[in-house]
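Undergrad: Here it is, the structure, as structure tokens.
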């Protein structure tokens, strides 16, 4: 689905609860669905007829809350709790860590958020859900999630460019509170807040991941490829044309011709990533609260000796699926993702943690977009164009 009005009409026709946030410039809008597990579905900078970048999984929307495995409706931002894998993770029923033992907690998949109401200016909405979870080790968690979505009227990345840049942006403030009667501990297993942004791919979409400089011996690899065994089209290949490294950035093709998933570890992460569509000259930047001194929980699908050597961000690109994989979409219904992850959380009863993420879509003069990309994502358009011409 490509137009904001089409997505809104679909959700209303299917009788899903929706909230439309609107800025001072009325054509800038953000569509939120509390019922669909608190998702931001799509945004637009040109009203009902404006195009959208957020991926909406129409077959899942049409089917409704019917899949006992995973109702993935898509969305420009959805919420999740980690870790996924390891002996303290949430999405496997045994320690085999295979697609056969893969499970999605009902809370992640089909539990609606309560709409607590919008702000008087119509620019934000607050939502709440109470989740009960159990990790593979058997530790029980009771948490309350408070989620506030706000349409942003200012973009720091576009400040100096005035009328040369148009944008739409939103911020999500996500508060997790331990409502159980026991503390969340290292022995029982941590929680992490995980926000996943889904985007429609285009033929010349390229993910741009800035990272901290330094040798691999000190900071680890710029992109961690451990997820690759599960999230790749051909287990025997790891094509070099899929990605490229610069001094302080990585480029990954996001046209969904090849399926992959990479992590950005805490020593490399700067709390920001994005993508550039070379045809439409649209730049996406996602940033979040990032605390490099804190531990980040390992999400990998295996047992681990170090539970706190995890990723602070992930990027994922759909493509032809793997045998037995029950989650990902058909070839004509694919997406790519930028995912932000909080530090590992250890909360006493009644204690809360707030994680914030911001998403901006920017369009404008090519020179201005290139300047923003170079300054904040560290890669320039000519370099990205050369990478794009390499056959994958």
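Just so it is clear, none of the values below were taken in a lab; they were calculated from the coordinates. Bear in mind the structure is a predicted one, so any value in this text is a computation, not a measurement. Don't worry about glycine lacking a Cβ; one is built from the backbone with ideal geometry, like all the others, and counts go over all protein chains shown.
Undergrad: Give me the percent of Cα-Cα pairs in segment 135-283 that sit more than 19 Å apart, rounded to a whole number. Write down the numbers at each step before the final one.
TA: Values: 7553 of 11026 pairs.
Considering segment 135-283, 69 percent of its Cα-Cα pairs are separated by more than 19 Å.
Undergrad: What does the C-alpha gyration tensor say about the overall shape of segment 343-392? Classify as rounded when a/c is under 1.5, otherwise prolate if a/b is larger than b/c, or oblate.
TA: On the way: a/c = 4.26, a/b = 2.40, b/c = 1.78.
Cα axes put segment 343-392 in the prolate bin.
Undergrad: Now for a separate question. Between residue 365 and residue 225, what is the FRET efficiency for a Förster distance of 35 Å, r being their Cβ-Cβ separation, to the nearest 0.05? Intermediate results must be reported in sequence, preceding the final value.
TA: Values: r = 36 Å, r/R0 = 1.03.
So the FRET efficiency works out to roughly 0.45.
Undergrad: Same structure again: I'm checking a number: the convex hull volume of the Cα atoms of segment 1-126, normalised per residue, in Å³. What is it?
TA: 112 Å³
Undergrad: Within a 10 angstrom radius of the beta carbon, how do 301, 99, 55 rank from fewest other beta carbons to most? Don't jump to the answer; show the numbers that get you there.
TA: Values: 301 22, 99 16, 55 26.
Ordered by Cβ neighbours within 10 Å, fewest first: 99, 301, 55.
Undergrad: If you stretched the chain out fully between residue 48 and residue 348, how much longer would it get, using 0.36 nm times the residue separation minus the C-alpha to C-alpha distance?
TA: On the way: separation 300, 0.36 × 300 = 108.00 nm, distance 4.49 nm.
Length difference between fully extended and current span is 103.5 nm.
Undergrad: Ok, one more. Taking the number of other C-beta atoms within 10 Å as the exposure measure, put 294, 127 in order starting with the fewest.
TA: Working: 294 13, 127 25.
So the ranking, lowest neighbour count to highest, is 294, 127.
Undergrad: Past the 17 angstrom mark, what percentage of all C-alpha to C-alpha distances in segment 239-297 do you count?
TA: Counting pairs separated by more than 17 Å, the tail of P(r) holds 51 percent.
Undergrad: Using a Gaussian network model of the chain with C-alpha springs under 10 Å, which one of 82, 274, 117 is most mobile by mean-square fluctuation?
TA: Result: 117 has the largest fluctuation of those listed.
Undergrad: In whole Å, what is the distance between the alpha-carbon centres of segment 114-178 and segment 91-106?
TA: 28 Å
Undergrad: Still on this structure, please answer the following. With contacts defined as alpha carbon pairs under 8 Å and 6 or more residues apart, what's the relative contact order of the chain in percent?
TA: It rounds to 18 percent for the chain.
Undergrad: Sticking with this one: For segment 95-138, just say rounded, prolate or oblate: build the C-alpha gyration tensor, square-root its eigenvalues into a ≥ b ≥ c, call rounded for a/c under 1.5, and beyond that prolate if a/b exceeds b/c, oblate if not.
TA: The shape class here is prolate.
Undergrad: Another question, if that's okay. Does segment 53-146 come out rounded, prolate or oblate, given a ≥ b ≥ c as the square roots of the eigenvalues of its C-alpha gyration tensor, rounded meaning a/c under 1.5 and, failing that, prolate meaning a/b above b/c?
TA: Note, shape of segment 53-146 comes out oblate.
Undergrad: Separate question: Which residue fluctuates most in the GNM of the chain (Cα springs below 10 Å): 76, 339, 96?
TA: The residue with the greatest mean-square fluctuation here is 96.
Undergrad: Give the order of 249, 16 when sorted by the count of other beta carbons within 10 angstrom, beginning with the fewest.
TA: Ranked by crowding around the Cβ, least crowded first: 16, 249.
Undergrad: Next question, about the same structure. Can you tell me which of 199, 245, 296 moves the most in a GNM of the chain? Springs connect C-alpha atoms under 10 Å apart.
TA: Fluctuation is largest for 245.
Undergrad: Given segment 102-215, what whole percent of its Cα pairs are spread farther than 18 Å? Please list the in-between numbers first.
TA: Working: 4449 of 6441 pairs.
The calculated P(r) of segment 102-215 puts 69 percent of pairs beyond 18 Å.
Undergrad: Additional query: Just one of (1) 38, 23, 20; (2) 29, 26, 21; (3) 50, 27, 23 is semi-axes √(5λ) of the Cα gyration tensor in Å as worked out from the coordinates here. Which one is it?
TA: So the structure-derived entry is (2).
Undergrad: Using alpha-carbon positions, what is the distance between the centroids of segment 334-362 and segment 1-53, in Å?
TA: 22 Å
Undergrad: Same structure, new question: If each of residue 142 and residue 240 carries a label point 7 Å out from its Cα toward its Cβ, how far apart are those two points in nm?
TA: 5.6 nm
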